[in-house]
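Data first, discussion second: the structure below is written as structure tokens.
No lab work stands behind these numbers, since they all come straight from the coordinates. Quantities reported herein were computed from a predicted structural model and do not represent experimental measurements. Here the Cβ is made from the backbone with ideal geometry for all residues, glycine too, and neighbour counts use every protein chain on show.
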Amino acid sequence: MAALEYACTTHPKDTITVLYVSDLKSGHNRFIGGGSFRDWTRTEKRNAQELFERAREKADSFDVDIETAHEFEDPIRYIVGYAAEHDFDLIVIGNRGLDGFSRLALGSVAERVVRRASMPVVVVKADNS
């Protein structure tokens, strides 16, 4: 939401697209671990719709219209590819601010998007307080 708020305040006249990317690795790991891939996809679809509802409320508070897109894919590849395919001028991405071992173990989607994107990327650190 911090990234959306930044986008709404700094680019209120632009088309803003909110992406929700369900990482297929997580779904496959859940399946391998004994969970149901179908249940995971259902949950992810519900999570995306809930996020989009909150995003629309946030954007409405700034009088900004948004578009939404949800995909089951590798997050980095999808974000960078979607932005290039749709000729985005800028990517605004949130970052949870993981440090140390957590960041090394999980990697940073934001950091990898910054390295791979062909357009400028603004990373907005989420307020974890």
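What to note about this one:
- Working ranking of peptides 18-26, 116-124 by packing, defined as the average number of other Cβ atoms within 10 Å per residue, highest first, is 18-26, 116-124.
- Under a 5 Å amide H cut-off, with hydrogens placed 1.01 Å from N, residue 18 pairs with 67, 68, 69 among residues at least 5 apart or on other chains.
- Annotation: lysines with alpha-carbon distance below 18 angstrom to residue 45 (same-chain offsets under eight excluded): 25.
- For segment 70-87, 3J(HN,Hα) per residue [Karplus equation, 6.51 cos²θ - 1.76 cosθ + 1.60, θ = phi - 60°, Hz, x = Gly/Pro]: 10, 8, 9, 6, 6, x, 5, 4, 5, 4, 5, x, 4, 4, 5, 4, 9, 6
- Model label sites at residue 41 and residue 1, defined 7 Å from Cα along the beta-carbon direction, differ in position by 3.0 nm.
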